[in-house]
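Input: a single structure, listed below in structure tokens.
Every number in this text was worked out from the coordinates using simple rules, so none of it is lab data. None of these values were measured; they are calculated from a predicted model. Cβ coordinates were reconstructed from backbone atoms using ideal geometry, including for glycine residues, and neighbour counts include every protein chain displayed.
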Amino acid sequence: MEHTTGESRGVFIVLEGIDGSGSTTQAQLLVERLTEAGMDSLFTCEPSDGPIGELIRRALQKRLATGNGEPISLDWVTLSLLFAADRADHAQRTIVPALKAGRSVVSDRYDLSSLAYQSATSDSGPEALSWIRELNERVLRPDLTVIVDVEAETAQRRRLQRGAAAELFEVPELQRRLAKIYRTAEQLVPLDRVVHVDGEQDVSSVAAAIWDEVSRLIGEKSSA
């Protein structure tokens, strides 16, 4: 497990939720709020913008194919390995350097997504969770993970409003299972600080609830 030290270290915050939960929007709004509060902050996301992240994005968008054009579908094992490799690269290349430079980092998704999504699509039950944890055991832990909880039906309406083609995991039955998993997400990362906010509210209300949790974290670190 990797740590960063030093008085100038920024805070590392992760936002999580099912597809259509609004985590991306809220992560970007949080960076704006942190910046307004005088904290140099960075928005990032997973899959990352690195080479492995680009490969994953192509898989999620169903754009992988063989040399002769036949489509390729990756199983949960291969995706778990790719996500873990991308996360290690993401942390080393983007997150840790920013934190060491005194910047705060807000990431839309992190290893909790792997624990939720890949375990939900595996056929190995608890063994899958244990293995995914091992794959990610050396990456930096967040200071705070915020779960944006929404009903699967709400998230589906939002995805349809976007008008984009459905990605690999954007299947109603799977999203319903994932919504249940995220409601008890702290059980997947029992050593992490995890909080929930009601993502069924309007964007501004969700942002305010997230800011309350982040402000509490910053206050605690300032007085420590």
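Given contacts defined as C-alpha pairs under 8 Å and at least six residues apart, what's the relative contact order of the chain, whole-number percent? If you can, show how the numbers build up before the last one.
On the way: 338 pairs, mean separation 71.4, N = 224.
Here the relative contact order equals 32 percent.
Restricting region 36-139 to trypsin sites (Lys or Arg not before Pro) that sit in a DSSP loop and have at most 15 other Cβ atoms within 10 Å of their own Cβ leaves Lys62, Arg63, Arg138. Of all DSSP bridge pairs formed entirely within the chain, close to 5 percent run antiparallel. Listed by chain and number, the aspartates and glutamates placed with their C-alpha closer than 20 angstrom to that of Lys62 are Asp19, Glu46, Asp49, Glu54, Glu70, Asp75, Asp86, Glu167, Glu170, Glu173; residues fewer than eight positions away on the same chain are left out. Centre-to-centre separation between the Cα atoms of region 153-202 and those of region 51-99: 20 Å. To the nearest ten degrees, helix 172-183 and the longest principal axis of the Cα atoms of the chain are 30 degrees apart.
Principal-axis analysis of the Cα atoms of the chain puts helix 152-162 at an angle of about 80° to the longest axis. Extending 7 Å from Cα along the Cβ direction at Val203 and again at Lys180 yields two label points whose distance is 3.2 nm. Excluding same-chain neighbours fewer than eight residues apart, the aspartates and glutamates reachable from Lys221 by a Cα-Cα span under 15 Å are Glu7, Asp143, Asp212, Glu213. Compared with the dominant principal axis of the Cα atoms in the chain, helix 23-36 is inclined by about 20°.
If you take the beta carbon distance between Asp123 and Glu153 as r and set R0 to 25 Å, what does 1/(1 + (r/R0)^6) give as a FRET efficiency, to the nearest 0.05? Mind dumping the intermediate values first?
Working: r = 27 Å, r/R0 = 1.06.
In this case the efficiency is close to 0.40.
In terms of its alpha-carbon gyration tensor, region 133-213 comes out oblate; a/c meets the 1.5 threshold, while b/c is at least as large as a/b. The charge dipole of region 12-223, taken about the Cα centre with unit charges on the Cβ atoms of Lys, Arg (+1) and Asp, Glu (-1), comes to about 280 debye, rounded to the nearest 20.
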